[in-house]
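Undergrad: Could you have a look at this structure, given as C-alpha cells, before my questions?
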Amino acid sequence: MRDKVFFPVALLLALAMVLIAVWPGVGRLPSGPVAGDGANYERITVDGAYLNKIMAGGDAITELVRDKSGKYLLYIRSDAETLGPDPEEGPHFRLASDLEQQFSGMRIRVTVRMRPADTQGAMQAKLNYSTGRSGDSGWQMFDLSPDFGDFSFEYNVPVRSGEQGYDYLGIRPVVPTKQRAILVERVTFERLGPAGTES
C-alpha cells in the first residue's frame, strides 16, 4: 500500500477508535462519590449536573430536574417512616477517599442551599455528616422558607483510624405524614481548620 493511502487511512482508523472509546461517556451525568479537585480542599462545591451524584438510599426518590432558566436542581422526596436512622439509609452524598483524608481531624462547615418543593413541599429538612464507624454530627434540623436559603452547620470530623471507608452527607426532608419533598441547588463543604477550633 502506498504511503499516500496508508497514512490517511491509519489516521482515520485511530480517530474512529478514539471516538468509539469516548462515545459511551458523552452526555452522561456525573455519578459516584464526590471528590476534590486535587488542589484546593478548602472549599468543595457540588452543584449543576454534579448534584446527580446523590444516592437515593431507602425508599426515597432523588431526581435531577431543571428550573425555568435551565439550571439543574436536585429533587428529593420521601414518604413518612420509610428511611432508616443512619445517613446512608436515605438520600446521601458519598465522599471519596481524598475528601475523607482531607477532612479527617478537621473542623468543617457544610452548607446546603435548598427550599421546599413546589408540590408536597417540606417545611423542614435535616442534614447529617457521618464518618461511618467513627461517628457523625447527628441530625441537624432546619426550618425552610419558600425561597432558596443557605443552611449550615459545623462539625469536628474525627481522625480516621483503621481502614478507610466512606464519609457521607445525609440530606432529607422531614416527613411528619404522607410525602414531603425539597429542592437542593448547591452543597458546599468548607475546611475551617483543625478540629476543635472555632471559626
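Undergrad: With 169, 144 as the choices, which residue is more than 22 Å from residue 89 (Cα to Cα) and crowded, with 19+ Cβ neighbours inside 10 Å?
TA: Selected residue: 144, the only one of 169, 144 that is more than 22 Å from residue 89 (Cα to Cα) and crowded, with 19+ Cβ neighbours inside 10 Å.
Undergrad: If we keep just the residues of the stretch 166-193 that are out of contact with any Lys or Arg (no Cβ under 7 Å at 6 or more places or on another chain) and closer than 19 Å to residue 130 by Cα, which is modelled with the lowest pLDDT?
TA: Checking each candidate, the answer is 167.
Undergrad: Within the stretch 93-114, which residues are surrounded by 20 or more Cβ atoms within 10 Å (Cβ to Cβ) and in contact with a Ser or Thr (Cβ under 7 Å, 6 or more places away or on another chain)?
TA: Scanning the stretch 93-114 gives a single hit, 110.
Undergrad: Given 130, 134, 145, which one is free of Cβ contacts under 8 Å to residues at least 60 places away in the same chain, more than 15 Å from residue 34 (Cα to Cα) and in contact with a Ser or Thr (Cβ under 8 Å, 6 or more places away or on another chain)?
TA: On inspection, the qualifying residue turns out to be 134.
Undergrad: I've got another one for you. Filter the stretch 31-50 down to residues that are in contact with a Leu (Cβ under 8 Å, 6 or more places away or on another chain) and over 15 Å from residue 64 (Cα atoms) and give me whichever is surrounded by the fewest Cβ atoms within 10 Å (Cβ to Cβ).
TA: 35
Undergrad: May I ask you to verify whether residue 160 is outside any helix (DSSP H, G or I), touching a Lys or Arg at 6+ places or on another chain (Cβ under 9 Å) and in contact (Cβ under 8 Å) with a residue 12 or more places away in the chain?
TA: Working: outside any helix (DSSP H, G or I): yes; touching a Lys or Arg at 6+ places or on another chain (Cβ under 9 Å): no; in contact (Cβ under 8 Å) with a residue 12 or more places away in the chain: yes.
It is false that residue 160 is outside any helix (DSSP H, G or I), touching a Lys or Arg at 6+ places or on another chain (Cβ under 9 Å) and in contact (Cβ under 8 Å) with a residue 12 or more places away in the chain.
Undergrad: Then there's this: Mind counting the residues in the stretch 147-166 that are surrounded by fewer than 13 Cβ atoms within 10 Å (Cβ to Cβ) and among the small types (Gly, Ala, Ser)?
TA: Within the stretch 147-166, residues that are surrounded by fewer than 13 Cβ atoms within 10 Å (Cβ to Cβ) and among the small types (Gly, Ala, Ser) number 2.
Undergrad: Oh, and also: Given the criteria surrounded by fewer than 16 Cβ atoms within 10 Å (Cβ to Cβ) and in contact (Cβ under 8 Å) with a residue 40 or more places away in the chain, does residue 178 qualify?
TA: yes
Undergrad: In addition: Determine if the stretch 111-126 includes at least one residue that is in a strand (DSSP E or B) and in contact with a helix residue (DSSP H, G or I) (Cβ under 9 Å, 6 or more places away or on another chain).
TA: Checked against the condition, which is being in a strand (DSSP E or B) and in contact with a helix residue (DSSP H, G or I) (Cβ under 9 Å, 6 or more places away or on another chain), the stretch 111-126 yields no hits at all.
Undergrad: Turning to a different aspect of this structure: Report those strands (runs of 3 or more DSSP E) wholly inside the stretch 49-103 carrying at least 1 residues which are modelled with pLDDT of 90 or more and β-branched (Val, Ile, Thr).
TA: On the way: elements: 61-66, 72-79, 92-95.
Ranges flagged: 61-66, 72-79.
Undergrad: Determine whether the stretch 184-196 contains at least one residue that is surrounded by fewer than 16 Cβ atoms within 10 Å (Cβ to Cβ) and either of a type in the set (Gly, Ala, Ser) or free of Cβ contacts under 8 Å to residues at least 60 places away in the same chain (or both).
TA: yes
The values are calculated or read from the model by the stated rules, or taken from the named source; none is laboratory data. This one's a predicted model, so the numbers in the text were calculated from it and none came from an experiment. A quick note on method: Cβ atoms are made from the backbone with ideal geometry, for glycine too, and the neighbour counts reach across all protein chains shown.
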